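Any read-out appearing in this document is the output of simple, stated calculations on the displayed coordinates, not a laboratory observation. Quantities reported herein were computed from a predicted structural model and do not represent experimental measurements. Positions of Cβ are backbone-derived with ideal geometry, glycine not excepted, and every protein chain shown enters the neighbour counts.
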Amino acid sequence: MTVVASASPSLALIKYWGKLPGGVNLPATSSLAVTLDGLRTTTSVTENDEDRVVVGGRVQAIGAYDPLLAAVRRRCGSSRRVLVESSNTFPTAAGVASSSSGFAALALALDRFYETHMSDTALSSLARLGSGSASRAVFGGFTTWERGSEYARRVHDAAHWDALRVIVVVVRPGTKRISSRAGMNAASETSPVYRAWIDESARLFARGVDALGRRDLEALGTAMRESYLLMFSTMFTTRPPIIYWEPGSLAVIREAERMRADALPVWETMDAGPQVKLLTLEQHVPAVTERVLAVVPDADLLVARPGGEPDAGVDRA
Ligand code: PMV
């Protein structure tokens, strides 16, 4: 029996960055996110002699998958081992949130494979064991994951804001230098502004949730921008500093400023990598795309809308 599941990445509008002590991946900040339709991770699970995980044709160190595999087997009392094969329609481990869709698809596939019949909440909690942001990616649409919570929840479905668009600007493909996990741990241990980030992010979360509820792009974009810039402030002030930005990242940030000055509504955010994600509305996508390509002609642009419901199927052959 082979189970195939797929999920889309969760892009944080208000960021999760830092863990609480105790537990696995318990967030120190509340995050608000949109699941990106059109970008997809597909994962298959088959019975095997030993646990083996292959992502994009590359065998992975099994350690990152152990907590998730152990948790699902504990739940059903099975000791069956599995071969996991996964591929993305977008760059892997480059700051496009591939770990969120990867672990969400895996949680779903394991639930079907081991027939554990988990609730959405249990699936979110399982996916979290692989990567925090994956707790959000088990839902399509708009999600929150609150400080200290073991699971995320959906706050609006995609229809809440159908015209919203995210343009992912891939300024430099290739694997990131330092994982989010290592980056956030180092920031929490050594950055002198980490405390300020935690305090301020609670206010940014409340502003983000309110703006999203009202579909107020300017208010959401402004809170989103403050969130990622404060998150990066903790990275820049980590000892030694973590700098994910590339010249192309800054070129897009500057162009977004100029677009806003020209009354084009577009706000940017970034994650643990050099790629820039632009939030705008459907009718502005052509103009924004043209202006972005004028400053980073070699970049790849992926346009996503809210959505990305996960999906799973069983091939009994
Ligand atoms: O889920 P992780 O451990 O890959 O961390 C995600 C961290 C950010 O992408 C920077 C922010 C977020 O909330 O997704």
Ranked PHE90, PHE139, criterion: other C-beta atoms within 10 Å, fewest first
PHE90, PHE139
Under the 0.36 nm per residue contour assumption, what length would be gained going from the current alpha-carbon distance of ASP315 and ASP51 to full extension?
93.1 nm
The summed charge of the ASP157 Cβ neighbourhood (under 15 Å; Lys/Arg +1, Asp/Glu -1) stands at +1
Compute the helix-to-body angle for 66-76: its Cα long axis versus the longest principal axis of the chain, expressed 0 to 90° and rounded to tens.
50 degrees
Could you give the length gained on full extension between ILE243 and VAL24, defined as 0.36 nm per residue of separation minus the Cα-Cα distance, in nm?
76.3 nm
Any chance you could check the Cα centroid distance between the range 268-317 and the range 1-25 for me, in angstrom?
18 Å
Taking the 0 to 90 degree range and rounding to the nearest ten, how far is the long axis of helix 217-236 tilted relative to the main principal axis of the chain, both from C-alpha atoms?
70 degrees
Residue-averaged 222 nm ellipticity for the chain, from DSSP H runs of 4+ at -39500 (n - 2.57), nearest 500:
-12000 deg cm²/dmol
How much of the DSSP beta bridge set in the chain is antiparallel, as a percent to the nearest 5?
95 percent
Proxy exposure order for PHE142, PHE232 (fewest C-beta within 10 Å first) is PHE232, PHE142
Between TYR114, TYR228, TYR16, which gets the highest mean-square fluctuation from a Gaussian network model of the chain, Cα cutoff 10 Å?
TYR114
Please find the FRET efficiency linking THR190 to ALA70, where r is the Cβ-Cβ separation and R0 is fixed at 22 Å, and quote it to the nearest 0.05.
0.10
Globularity ratio of the chain, using Cα Rg and 2.2 N^0.38 Å:
0.96
Report the extension gain between ILE62 and ARG80 in nm, rounded to one decimal, defined as 0.36 nm multiplied by the number of residues separating them, less their alpha carbon distance.
4.9 nm
Build a GNM of the chain with springs between Cα atoms under 10 Å: which of PHE103, PHE236, PHE205 gets the top mean-square fluctuation?
PHE236
Residue of PRO241, PRO297, PRO173 that the Gaussian network model of the chain assigns the largest fluctuation, springs spanning Cα pairs under 10 Å:
PRO297
The rounded separation in angstrom of the Cα centers of the range 58-84 and the range 161-193 is 26 Å
Nearest-ten-degree value, helix 98-113 long axis tilted from longest Cα axis of the chain
30 degrees
